[in-house]
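Derivation of every value follows stated rules applied to the coordinates shown; laboratory data play no part. Given the structure is predicted, the values throughout are model-derived calculations rather than measurements. As a convention, Cβ positions derive from the backbone with ideal geometry for all residues, glycine included, and neighbour counts pool all protein chains shown.
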Amino acid sequence: MMKKLVIVTGSSNGIGRAIAEEFLKNDFSVVGIDRLDSTIENVNYHHYKKDIFYDELPDIPNCEILINNAGTQNENDIDINLKGTIKVTEKYAFQDNIKSVLFVSSASGNTGAEFPEYAASKGGVIAYMKNVALRIAKYHATSNSISPGGVITDLNDHILKNENLYEAVLNETLLHRWSDVEEMAKWAFFLTVINKSMTAQDILIDNGEAAKSNFIW
């Protein structure tokens with residue numbers, strides 16, 4: 001019996017790698033796409049070293065679950081975070097085998113905080129997720145997104161290694177913590193495998209960052 005196929009973009013580190021490993025642990029076959037070399041050694045993992053915006057995407061038939069995780073925080077935010085994500089989804093999602101598509105957006109896509117291009121790109125991902133939900137329903141497939149707040153990854157080393165800055169950031173969350181990548185992977189697995197009924201929704205997983213008000217009476 002063939003294993004169910006999952007495609008994960010941005011699979012070489014951070015949230016993407018944790019998601020790929022979560023699916024491998026649960027006996028799925030995983031294809032990773034990342035502009036970096038593979039960091040996963042598993043017989044059920046295949047890796048394509050590709051930039052999702054600039055490179056031609058490989059043909060990967062029979063995808064059942066698509067995880068759009070690849071992203072960046074630089075001058076290429078719109079190209080990678082939004083246009084690249086659209087490119088990947090249009091290639092792999094709209095076919096008879098698809099069961100679920102998940103987008104990794106950001107709390108910034110909800111609040112508008114951080115860099116303007118980044119916030120705009122992640123807000124665009126949420127809007128595009130809803131567009132996909134409308135079009136993918138004919139396959140009885142779901143389309144949702146998660147919007148993490150602070151997550152402990154290499155991408156955030158500049159904050160994590162600055163004790164005063166990190167404490168100031170934590171003070172802006174209700175729960176005074178950041179999430180880890182393993183928790184994000186569990187959310188991804190639940191929303192794409194266990195969930196059958198929820199679609200066109202964004203889940204804000206930010207430890208209460210967006211809910212905290214600094215209003216002075």
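For a quick check, take a GNM of the chain with Cα springs below 10 Å and name the residue from Met184, Met198, Met129 with the largest mean-square fluctuation.
Met198
Residue separation times 0.36 nm, minus the C-alpha to C-alpha distance between Met2 and Asn44: what's the value?
Details: separation 42, 0.36 × 42 = 15.12 nm, distance 1.10 nm.
Separation in residues times 0.36 nm, less the Cα-Cα distance, equals 14.0 nm.
Just Glu117, Glu163, Glu21 to compare: in a GNM of the chain, with alpha carbon springs under 10 Å, which one fluctuates most?
Glu163
Over what distance in Å are the Cα centres of segment 65-141 and segment 159-207 separated?
For segment 65-141 versus segment 159-207, the Cα centre distance is 17 Å.
Which one, Ser197, Asn164, Ser179, is farthest towards the positive end of the dipole of segment 155-217 when Lys and Arg carry +1 and Asp and Glu -1 on their Cβ?
Selected residue: Ser197.
Among all helices in the chain defined by DSSP H, which have a length of 15 Å or more along the axis from Cα atoms plus a Kyte-Doolittle mean of at least 0.0?
What comes out of the filter, once short or polar helices are dropped, is 14-25, 116-136.
So what's the back-of-envelope 222 nm ellipticity for the chain, counting only DSSP H runs of four-plus at -39500 (n - 2.57) apiece and dividing by all residues, rounded to 500?
On the way: 7 runs with 66 residues, N = 217.
The helix-only estimate for the chain comes to -8500 deg cm²/dmol at 222 nm.
Could you give the size of the charge dipole of the chain about its Cα centre, using +1 on the Cβ of each K and R and -1 on the Cβ of each D and E, expressed in debye and rounded to the nearest 20?
Details: 20 positive and 29 negative charges, 185 e Å.
Result for the chain is approximately 880 debye, rounded to the nearest 20.
Starting from the Cα gyration tensor of segment 43-171, take the square roots of the eigenvalues, sort them a ≥ b ≥ c, and report rounded, prolate or oblate (rounded when a/c is under 1.5, otherwise prolate if a/b is larger than b/c, else oblate). Spell out each step's value before the answer.
Details: a/c = 2.06, a/b = 1.70, b/c = 1.21.
Prolate, because a/c is 1.5 or more and a/b exceeds b/c.
Round to the nearest 0.05 the FRET efficiency obtained for Glu75 and Ile159 when R0 = 30 Å and r is the Cβ-Cβ distance. Present the calculation step by step, with values, prior to reporting the outcome.
Values: r = 20 Å, r/R0 = 0.66.
The pair Glu75/Ile159 has a calculated efficiency of 0.90.
Over 29 Å between C-alpha atoms is what I'm after, so list which of Lys122/Lys161; Lys4/Lys186; Lys99/Lys212; Lys49/Lys122; Lys91/Lys212 land there.
Working: Lys122/Lys161 25 Å; Lys4/Lys186 17 Å; Lys99/Lys212 36 Å; Lys49/Lys122 23 Å; Lys91/Lys212 39 Å.
Pairs exceeding 29 Å: Lys99/Lys212; Lys91/Lys212.
Arranged from highest to lowest average of other beta-carbon atoms within 10 Å per residue, in what order do the peptides 171-181, 185-195 appear?
In decreasing order of mean packing, 171-181, 185-195 become 185-195, 171-181.
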